[in-house]
1. May I ask you to list the residues in segment 265-282 that are touching a residue at least 40 places away in the same chain (Cβ under 8 Å), away from the ligand (no atom under 16 Å from the Cβ) and open to solvent by less than 30 Å² (accessible area, probe 1.4 Å)?
2. Please give the number of the condition residue 245 fails out of (1) more than 16 Å from the ligand (Cβ to nearest atom); (2) within 25 Å of residue 144 (Cα to Cα).
3. Answer yes or no: is there a residue in segment 221-230 that is touching a residue at least 24 places away in the same chain (Cβ under 8 Å), more than 23 Å from residue 179 (Cβ to Cβ), within 15 Å of the ligand (Cβ to nearest atom) and touching a Ser or Thr at 6+ places or on another chain (Cβ under 6 Å).
4. Please state which one of 125, 103 is within 15 Å of residue 153 (Cα to Cα) and either out of contact with any helix residue (DSSP H, G or I) (no Cβ under 6 Å at 6 or more places or on another chain) or open to solvent by 10 Å² or more (accessible area, probe 1.4 Å) (or both).
5. For residue 175, which of the numbered conditions (1) under 24 Å from residue 90 (Cα atoms); (2) open to solvent by less than 50 Å² (accessible area, probe 1.4 Å); (3) assigned to a loop (DSSP other than H, G, I, E, B) fails to hold?
6. For segment 227-252, which positions are in a loop (DSSP other than H, G, I, E, B) and loosely packed, with under 14 Cβ neighbours inside 10 Å?
7. So residue 184 clears everything in (1) of a type in the set (D, E, K, R); (2) under 18 Å from residue 102 (Cα atoms); (3) in contact with a helix residue (DSSP H, G or I) (Cβ under 8 Å, 6 or more places away or on another chain) except one condition, right? Which one?
8. Among residues belonging to segment 311-329 that are more than 16 Å from the ligand (Cβ to nearest atom) and among the small types (Gly, Ala, Ser), point out the one that is surrounded by the fewest Cβ atoms within 10 Å (Cβ to Cβ).
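The values are calculated or read from the model by the stated rules, or taken from the named source; none is laboratory data. Values in this document were obtained by computation on a predicted structure and should not be read as measured data. Every residue, glycine among them, receives a Cβ derived from its backbone with ideal geometry; neighbour counts consider all protein chains shown. These area figures cover heavy atoms from the full protein model, side chains too; ligands, DNA and RNA do not enter into them. Shrake-Rupley method; radii C 1.70, N 1.55, O 1.52, S 1.80 Å.
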Amino acid sequence: MRLQVSRETNLLLRPRRLRRTAAVRALVRETRLDPSQFIFPLFVRAGRGIREPIPGMPGQWRVSPDRLAGEVEDARSLGIGAILLFGLPEEKDAAGSGAYADDGVIQEAVRALRAADPDLVIITDVCLCEYTSHGHCGVIRDGQVDNDATLDLLAKTAVSQAAAGADLVGPSAMMDGQVGAVRRALDAAGFLEVAVMGYSAKYASAFYGPFREAAGSTPKFGDRRGHQMDPANAREAEREIDLDIAEGADIVMVKPALPYLDVVQRVRSRVTVPLAAYNVSGEYAMVKAAAERGWCDERATVLEILTGIARAGADLIITYHAKEASQWLASR
Ligand code: PBG
């Protein structure tokens, strides 16, 4: 008899009991995803009437400020927590002046979105690489990115974005002291309530390839290894995180996400502020490419990836999958 057989095996502990049905599995699930924890990145391109597909990031578009509202409404109706804006200016120059121009593409876009929706959570990227003719994240002196000269420009950028109506600004240039410089400048300008999301542990990653193509921000010479972190280092990430918190970061970030889940976990156990992880363009492109070829089930793969990032400890996930993932979560 079957019963007797199982008694003979003497198994008291059977984890399968809690995996028996979908309802029981849902009851004991440890990690739950919700659209409110997703941040959806958008590329805003100077001009009018533009909505062009981004090569290397199927399903993502560069849109002009006048076309942005439609994209954002979709995200809002799905319950996505926030949008993160990147700008592609009409013209680039050595000092990246489009980043901090009052009539810059991001400033224009933020003003329009804010006027249309007071409750939309708008986050802006604070970096110069999309705005500089050389593609570096700051001003160049003697062939290097000059840290302290760049800080002033990042601070100006953040203040102009706050003035346009951003809720949070995200300094991503990996300059030393960038969070402090931005915080001080925001406070001095009276933007005490605008929060700073530090791209605290941002690695010098090959996974930014499609983004740089999308934003036209590939450096014309050299690379970013003199300021972004060495992929081999995890302890150093804790140091970067500590510095950003000391400088006033309200949210910290680990970027990219998938190759750095150990870093996400370390940071989570170290700090009490909200932690974001950036599921970057190359991570997105890999899934899209495999799914297009029928080599993986896109829906299952994406939800597993996002669950993994959340399980590692990320409270917020910046992801280009945000819209589709939110739809899938709603239809589960
Ligand atoms: C700007 C910036 C980059 C990304 C976000 N902000 C590119 C870079 O550092 O070269 C990459 C995001 C992605 O790959 O999705 N400094």
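1. 267, 275
2. (2)
3. Of segment 221-230, the ones touching a residue at least 24 places away in the same chain (Cβ under 8 Å) are 221-222, 224, 226-230.
Within this subset, residues satisfying the condition of being more than 23 Å from residue 179 (Cβ to Cβ) are 221-222.
Applying the additional criterion that residues be within 15 Å of the ligand (Cβ to nearest atom) yields 221-222.
Right, trim to touching a Ser or Thr at 6+ places or on another chain (Cβ under 6 Å) and you get none.
Checking segment 221-230: not a single residue is touching a residue at least 24 places away in the same chain (Cβ under 8 Å), more than 23 Å from residue 179 (Cβ to Cβ), within 15 Å of the ligand (Cβ to nearest atom) and touching a Ser or Thr at 6+ places or on another chain (Cβ under 6 Å).
4. Result: 125 is the single residue among 125, 103 that is within 15 Å of residue 153 (Cα to Cα) and either out of contact with any helix residue (DSSP H, G or I) (no Cβ under 6 Å at 6 or more places or on another chain) or open to solvent by 10 Å² or more (accessible area, probe 1.4 Å) (or both).
5. Result: residue 175 passes all but (1).
6. Keep residues of segment 227-252 that are in a loop (DSSP other than H, G, I, E, B), which gives 227-228, 230-234, 247-250.
Across segment 227-252, the qualifying residues are 230, 232.
7. In the conditions (1) of a type in the set (D, E, K, R); (2) under 18 Å from residue 102 (Cα atoms); (3) in contact with a helix residue (DSSP H, G or I) (Cβ under 8 Å, 6 or more places away or on another chain), residue 184 misses (2) alone.
8. 313
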